[in-house]
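What follows draws every value from the coordinates through simple rules; no lab data is involved. Predicted, not measured: the structure shown is a model, and the values here were computed from it. Cβ sites come from the backbone with ideal geometry, for glycine too, and all protein chains shown count toward neighbours.
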Amino acid sequence: MSGLYLKTASSLMGMAKAARSATAGARFISTRVQVDSVRLTTPNGFTYEQPTGLFINNEFVKSHNGDTISVEDPSTGQKLVDVQSGTKADVEYAVECAEKAFKSSWSTADPKFRAQALLRLADLVEQRREMIASIESMDNGKALRLARGDVGLVIDFLRSSAGFADKLDGRSINTGDGYVNYTVREPIGVCGQIIPWNFPLMMLSWKIAPALAAGNTVILKPASPTPLNALYFASLCKEAGIPAGVVNIIPGPGRGVGETLSTHPKIRKIAFTGSTGTGRGIAVKAAESNLKKVTLELGGKSAHMVFNDADLTKTLPNLVNGIFLNAGQICSSGSRIYVQEGIYDTLLPAFKKYVEETVTVGSPFEESNFQGAINNKMQYDTILNYINVGKQEGAKLLTGGDACGQDGYFVKPTVFYDVAEEMRVVKEEIFGPVVTISKFKEIEDGVAMANDSEFGLGAGIQTESLSTALKVSKSLKAGTVWVNTYNDFHACVPFGGCKQSGYGREMGIEAFDAYTSVKAVRIKL
């Protein structure tokens, strides 16, 4: 271990001690009851200590009223553990701790200290990446090989965000000899963050990493079905030397925890990933409270276009990744496939064969399975209902169309074709392994069909023509356009939507726009 690392680690520990001292006399400290962890074993044999309390001020504590959330394994439907369920009073406590941490140490520290904390955190995740991936699969139901990819992106993004910590600079502005003008980018303060259940750890990192690198403190609410890795990650934050109050994790109901984060007058920023309806409500509450800054990553009904010159050997796996990755539980899933008429009749049987041979469904811990379980019973029922709606509307079924397995929440990959554009299965987000295929003739016709949606999160293009790729990418109304790939994320590439898919960006330097404010200074000479 280098001397520089030892010096940095020592400094971080000093900051943590200072933050603890700053909060030691607060009125609420003596009333918090600590909660022990529970020993769990994943289906593939990792035994670990699972935190079950709310993580506030670097302690796992009991909720204000003692309520709990029951967490189940969606691949079996069996209960795993109970975790504490937060309340408005718990958020109030966390806000006080986070505000003290923001003012006392974190926001004013040398940025390299924040960077080193994030790098240490990334190292801890990497050291335990297989176990963390296993927790993700057990809690969420996704295939283990996909969970491994999620953890890899988390590690990359933590390190990428650390690299920006000391580069969030302002600029000088020349207005003539009579003045000196410059800008600075400053952290906002306490940030509220609400994440969904489809990518529990990855979405957590997308929210927490840029906020911390910029000097903010955070209070994050994980989705009720998937709190396990968020709480385990919190223990790693403490181990990495992040001071008390900087990171707070509070599982709990949206009406209690989520609403309080959205309306609290001391929270200056709210970030939300989830449904469009819930996001709209959060935006209204944020405006009515204190006009806090808002970023929203919402629903999608993304178009995936296949042109006549597409290479099917490349296209078929891209179409599968576009819709059946994570059992279709991705906001950007390419759930509307548009195929140019010259290749349509060739693609249909090839796609049917490829899906039935490669998209194996079953236990997330069986390495050969591509698709795991649907995350929860409510979503499982919603998907099956949409499949029945598609059949009733007259959509033709190419493959799938049923549940499968005796235990847990499993749905066969389902493909409808020869659909009408006004059908509900074409217009509405299903958030499951269900895709529709439509035919178009001219490029302009296909683009018009692809853009005929209130959503604008992702889009895909399969073509061997650079001209077609560039022309269509420019025409599609989407936050991300993938060409000859799909659902292909990178820590340095921003992700987010337009239209009713929300606003603001995750990842890349653009993510820091949401977690900083610009101050202009003008000095008359």
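FRET efficiency for the pair residue 38 and residue 280, taken as 1/(1 + (r/R0)^6) with r the Cβ-Cβ distance and R0 = 56 Å, rounds to 0.90. Full extension of the chain between residue 490 and residue 78 gives 144.9 nm of extra length, using 0.36 nm per residue less the Cα-Cα distance. With each label modelled as a point 7 angstrom along the Cα→C-beta vector, the residue 287-residue 407 pair spans 4.9 nm.
The peptide list 44-50, 350-356, put in order of mean Cβ contacts within 10 Å with the highest first, becomes 350-356, 44-50. Each of residue 183 and residue 427 was given a label point 7 Å from its Cα along the Cα-to-Cβ line. The distance between the two points is 4.2 nm. Using only side-chain charges placed at the Cβ, +1 for Lys and Arg and -1 for Asp and Glu, the dipole size of the chain relative to its Cα centre rounds to 2020 debye. Shown is the FRET efficiency for residue 173 and residue 391, computed with R0 = 45 Å from the Cβ-Cβ distance and rounded to the nearest 0.05: 0.15.
By DSSP, the beta bridges lying fully in the chain are antiparallel in about 45 percent of cases. The residue 112 and residue 444 beta-carbon pair, evaluated with R₀ = 41 Å, returns a calculated FRET efficiency of approximately 0.20. Each peptide in 208-215, 509-516, 357-364 gets a packing score, the mean of other Cβ atoms within 10 Å over its residues, and the list from highest to lowest is 208-215, 509-516, 357-364. Bridging of residue 112 to aspartates and glutamates at a Cα separation below 12 Å is possible for 166, once same-chain residues fewer than 8 apart are set aside.
Just for segment 303-478, what percent of DSSP beta bridges are antiparallel, to the closest 5? Antiparallel bridges make up about 20 percent of those DSSP assigns within segment 303-478. Near residue 440, the amide H atoms lying under 5 Å from its own belong to 339, 340, 341; only residues 5 or more places off or on other chains count, and H is placed 1.01 Å from N.
Exceedance of the 22 Å cut-off in Cα-Cα distance is limited, within the set 269/427; 391/439; 314/477; 103/292, to 269/427; 314/477. Farthest towards the positive end of the charge dipole of the chain, among the residues 127, 247, 496, is the Cα of 247, using unit charges on the Cβ of Lys, Arg, Asp and Glu. The relative contact order of the chain comes to 17 percent, based on Cα pairs under 8 Å that sit 6 or more residues apart. Extension gain, residue 466 to residue 103: 0.36 nm times the residue separation minus the Cα-Cα distance gives 125.5 nm. Cross-link partners of residue 353 among aspartates and glutamates, defined as those whose alpha carbon lies under 17 angstrom from its own and excluding same-chain residues fewer than eight positions apart: 311, 345. Is the C-alpha gyration tensor of segment 46-165 telling us rounded, prolate or oblate? Criteria: a/c under 1.5 is rounded; beyond that, a/b larger than b/c is prolate, otherwise oblate. Oblate shape, in that a/c is at least 1.5 and b/c is the bigger or equal ratio.
When peptides 122-130, 337-345, 52-60 are sorted by average Cβ neighbour count within 10 Å, with the highest value leading, the order is 52-60, 337-345, 122-130. Within straight-line reach of residue 238, meaning a Cα separation under 14 Å, sit the following aspartates and glutamates at least 8 residues removed in sequence or on another chain: 59, 123.
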